[in-house]
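Peer 1: I'd like to ask some things about the structure below.
The values are calculated or read from the model by the stated rules, or taken from the named source; none is laboratory data. Since this is a predicted model, take the numbers as computed values, not measurements. As a convention, Cβ positions derive from the backbone with ideal geometry for all residues, glycine included, and neighbour counts pool all protein chains shown.
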Amino acid sequence: MATTEQTYLRTALEQRRTRLHHLLHSQAADIALSKLLQDVDAALVRLDLGTFGICETCHDSIEKDRLLADPLARFCLDHLTTAEQRALERDLTLAANIQRALLPKRDFAPVGWDVHYHYQPAGMVSGDYCDIFETSGGLLFMLGDVSGKGVAASMLMSHLHATFRSLAEAGLPLERMVEDASRIFCESTLAGQYATLVVGRATRDGAVEFVSAGHLPVLHLHPQGATPKESTGVPLGMFSDARFPVHRLTLADGDTLFLYTDGLTECRNSAGAEYGLHRIRALAAQHAAALPANLIAKCLDDLRVFGEGSKPTDDLTLLAVRRASRPVA
């Protein structure tokens, strides 16, 4: 485990110990608090001895995301008791349900736009982030990928969701919104934790502005093909004072913006070849006129053929935002 993560966990454990000492001197104190204090003290001793994060049964490393979520963990997943395994399964199911409740409604139909997304965690929970909703300033859409895997990444995804939902109500310019979110993310997470992210705003006249914080190229689909729009800044949360330049363009009727996470581009087939940016750009250009739901279906079909039906190893999220064609008078 990296030194920065150990420092973070030590600080968290010391804060918990201080809080427990305070509670033990209150009228609400009971034997359970004494046991918790003993567990915290034991974890701090393991940090001092260099055995923190090592399974006490097999002496292998405990999963990092579990330690970040529970610094008192002493066993890896393979050596949990039956009761602990069931409790973990319940927690993961609850986390997965919470994540799905944060996703946009499937029947969301903003005026002037056709939107569709596909969200597919590799496990029970995901570090991918997808949101789209209307504000007084226009349609906001977001898609990103939090560093790491499992529960820790899913918690950061939920953190991003709450941050942007709150900032959206302030009516900030897009670059200011992303800068504020990046600073909040940077100040409330571990060093080395970050998120690649696209944040965009679209108005009914087809004007679109978006920031791409270290994310994969956004594809602008139009009758001539698919034009990639590269990232405009570093990943969110990497530097507290980072700036994020804005892409601006106007979508004609029927034009689409297609966003995706690396669960698409980094998918590998049995020969070890990556799906890659070139293939997705070519496929998107071939179906540039398709409605968002059809575009995403074509992409998933092609990915399935490429991967030969193998089980995904990374979270996959796709989002298509299309300017609706106006009816002919």
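Peer 1: If you check 111, 125, which single one turns out to be β-branched (Val, Ile, Thr) and either under 14 Å from residue 161 (Cβ atoms) or not assigned by TED's automatic domain parsing to the domain that holds residue 199 (or both)?
Peer 2: 125
Peer 1: Failed condition for residue 43, given (1) out of contact with any Pro (no Cβ under 7 Å at 6 or more places or on another chain); (2) in a helix (DSSP H, G or I), with all others met?
Peer 2: (1)
Peer 1: Suppose we filter 24, 68, 37, 33 for residues that are of a type outside the set (D, E, K, R), within 26 Å of residue 189 (Cβ to Cβ) and either surrounded by 12 or more Cβ atoms within 10 Å (Cβ to Cβ) or touching a residue at least 24 places away in the same chain (Cβ under 8 Å) (or both); which single one remains?
Peer 2: Checking each option against the conditions leaves just 68.
Peer 1: Kindly indicate whether residue 273 is among the aliphatic types (A, V, I, L, M) and touching a helix residue (DSSP H, G or I) at 6+ places or on another chain (Cβ under 7 Å).
Peer 2: no
Peer 1: Let me ask another. Specify which of the listed residues (172, 221, 197) is touching an Asp or Glu at 6+ places or on another chain (Cβ under 9 Å), surrounded by fewer than 22 Cβ atoms within 10 Å (Cβ to Cβ) and among the aliphatic types (A, V, I, L, M).
Peer 2: Values: 221 fails: surrounded by fewer than 22 Cβ atoms within 10 Å (Cβ to Cβ); 197 fails: surrounded by fewer than 22 Cβ atoms within 10 Å (Cβ to Cβ).
Among 172, 221, 197, only 172 is touching an Asp or Glu at 6+ places or on another chain (Cβ under 9 Å), surrounded by fewer than 22 Cβ atoms within 10 Å (Cβ to Cβ) and among the aliphatic types (A, V, I, L, M).
Peer 1: In this structure, is residue 100 free of Cβ contacts under 8 Å to residues at least 24 places away in the same chain and under 23 Å from residue 262 (Cβ atoms)?
Peer 2: For residue 100, the condition - free of Cβ contacts under 8 Å to residues at least 24 places away in the same chain and under 23 Å from residue 262 (Cβ atoms) - is met.
Peer 1: Starting from segment 82-94, keep only residues that are under 14 Å from residue 150 (Cβ atoms) and not assigned by TED's automatic domain parsing to the domain that holds residue 154, then list their pairs with residues that are surrounded by 12 or more Cβ atoms within 10 Å (Cβ to Cβ) and modelled with pLDDT of 80 or more whose Cβ atoms are within a distance under 6 Å, requiring at least 6 positions of separation or different chains.
Peer 2: Listed pairs, sorted by first residue: 92/124.
Peer 1: Is it fair to say residue 180 is more than 28 Å from residue 64 (Cβ to Cβ), acidic (Asp, Glu) and not in a loop (DSSP other than H, G, I, E, B)?
Peer 2: Yes; evaluated as a whole, the condition is true for this residue.
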